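Participant: Please read through the structure below; I'll follow up with questions.
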């Protein structure tokens, strides 16, 4: 199968698109996104979705303006509506204390979300506006390896999903970088090259350019093995998450402020893997869905098992778990001065 056939198969197998949906493709102009742009355009009528594109001019490289012009020209020629946005990512990175890579990713995801929310308001009930990213199979292998380096758990090993809970989809995830390049050549599809992809200043580039080739000398099938690891981890993570969600829904109650409350005695009966996921679910309900690390959950677990009276366990962003009278109340930042 070539890239087109694989993307079509992935969309069908994972039910990524419904008729009437709007797909908003993050389009950098690079090989992967241009490949996916052309494939989705070919599938648009058959699958019954509407395709549009989003381009972020991140103002990082000198070529940023010419990349934007390239994307505009190609979208116009193909009849694909385009939202092109300029954002000073270096300034954002400086303000937030983030790397350029992280700041660019966060800005891109936030803008994609805004566009999808705008488009979804125009759609009839039952249809969705979905953000689309062009991560390929080699990106998946690199992501798994990066997370292993950083010391991840099963959730991290599962790496990138075909469809996230927020609706973002990755139809190119079963297509290798080599297959992308072959499709571009066969179809005569133009693309731009990001010169920073050859710089080992970024960790992901070092993994792609140096570490993975070294590992392939030991195991030529290392990329397939890493992708298989991600698929197995995703299967296990899916079960653990489902179990935790079912447990949470059957045990949680809400206080007068609509904050989630769980009984200490119920939490004490949980295995560590479920305890961790239940705590994440409780904080997600209050508004904290990221930056929760094992050290925070372990601090709460120690307090739950310590027979303490009143105890507040701090979490990132001003969030906290408040233990009192045999219950744990999960509070957001605005509730810190209460009780």
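Just so it is clear, none of the values below were taken in a lab; they were calculated from the coordinates. Just so it is clear, the structure is predicted and the values come from calculations on it, not from any experiment. Note: ideal-geometry Cβ built from the backbone for every residue, glycine included; neighbour counts use all protein chains shown.
Participant: Hey, could you grab the Kirkwood Rh for region 186-299? Inverse mean 1/r over distinct alpha carbon pairs, Å, one decimal.
Facilitator: Hydrodynamic radius (Kirkwood, Cα only) of region 186-299 equals 18.3 Å.
Participant: Multiplying the sequence separation of residue 178 and residue 221 by 0.36 nm and subtracting their Cα-Cα distance, what value in nm do you get?
Facilitator: Details: separation 43, 0.36 × 43 = 15.48 nm, distance 1.44 nm.
Once the chain is fully extended between residue 178 and residue 221, it gains 14.0 nm.
Participant: Taking the Cα atoms of region 180-221 alone, what are Rg (to one decimal) and Dmax (as a whole number) in Å?
Facilitator: 13.7, 35
Participant: On to the next question. How many angstrom separate the Cα center of region 79-117 from the Cα center of region 237-282?
Facilitator: So the two Cα centres are separated by 33 Å.
Participant: How far is helix 100-120 tilted off the main Cα axis of the chain, in degrees rounded to 10, range 0 to 90?
Facilitator: Around 90 degrees separate the two axes.
Participant: Among 51, 100, which comes first, then next, by fewest other beta-carbon atoms within 10 Å? Mind showing how you got there, number by number?
Facilitator: Details: 51 21, 100 17.
Least crowded to most crowded, the residues run 100, 51.
Participant: Can you give me the Rg/Rh ratio for region 121-260, using Cα atoms for both radii and the Kirkwood formula for Rh?
Facilitator: Values: Rg = 19.4 Å, Rh = 18.0 Å.
For region 121-260, the value is 1.08.
Participant: In the chain, what % of DSSP beta bridges are antiparallel (nearest 5)?
Facilitator: Working: 15 of 30 bridges.
Just about 50 percent of them are antiparallel.
Participant: Relative contact order, percent, of region 1-114 when contacts are C-alpha pairs under 8 Å separated by at least 6 residues?
Facilitator: Relative contact order comes out at 22 percent.
Participant: When only C-alpha pairs under 8 Å and at least 6 residues apart count, what is the relative contact order of the chain, in percent? Mind dumping the intermediate values first?
Facilitator: Values: 469 pairs, mean separation 50.2, N = 339.
The value is 15 percent.
Participant: Test of understanding: ordering 75, 35, 127 by Cβ neighbours within 10 Å, fewest first, what list do you get? Don't skip to the end; give the middle numbers.
Facilitator: Working: 75 23, 35 26, 127 18.
In increasing order of surrounding Cβ atoms, one gets 127, 75, 35.
Participant: Pulled fully out, how much extra length does the chain show between residue 194 and residue 209, if you take 0.36 nm times their separation in residues and subtract their Cα-Cα distance?
Facilitator: Details: separation 15, 0.36 × 15 = 5.40 nm, distance 1.46 nm.
Separation in residues times 0.36 nm, less the Cα-Cα distance, equals 3.9 nm.
Participant: Once you place label points 7 Å from the Cα toward the Cβ at residue 327 and residue 239, how far apart are they in nm?
Facilitator: Distance between label points: 3.5 nm.
Participant: Also, quick follow-up: Apply 1/(1 + (r/R0)^6) to the Cβ-Cβ distance of residue 268 and residue 86, taking R0 = 56 Å, and write down the FRET efficiency to the nearest 0.05.
Facilitator: 0.60
Participant: While we're looking at this one, here's another question. What span do the alpha-carbon atoms of region 252-335 cover on each of the three principal axes, reported in whole Å from largest to smallest?
Facilitator: That gives 27, 27, 19 Å along the principal axes, largest extent first.
Participant: A follow-up question, please. Can you report the principal axis dimensions of region 84-193 using only the alpha carbons, biggest first, rounded to whole angstrom?
Facilitator: 40, 37, 32
Participant: Could I ask something else about it? Determine the calculated [θ] at 222 nm for the chain from helices alone, applying -39500 (n - 2.57) to every DSSP H run no shorter than 4 residues and normalising by the residue count; nearest 500 deg cm²/dmol.
Facilitator: Working: 14 runs with 172 residues, N = 339.
That comes out to -16000 deg cm²/dmol.
Participant: Taking Rh as the Kirkwood radius computed over C-alpha pairs, what is the Stokes-Einstein D of the chain at 20 °C in a medium of viscosity 1.002 mPa s, expressed in µm² per second?
Facilitator: Numbers: Rh = 22.3 Å.
Result for D is 96 µm²/s.
Participant: Quick one: length gained pulling residue 15 to residue 232 fully straight, 0.36 nm per residue minus the C-alpha distance?
Facilitator: Working: separation 217, 0.36 × 217 = 78.12 nm, distance 1.95 nm.
Difference between extended and current length: 76.2 nm.
Participant: Starting from one equal scatterer on each C-alpha and no solvent at all, send me the Debye-based log10 I(q)/I(0) for region 43-95 at q = 0.23, 0.25 Å⁻¹, two decimals.
Facilitator: -0.85, -0.93
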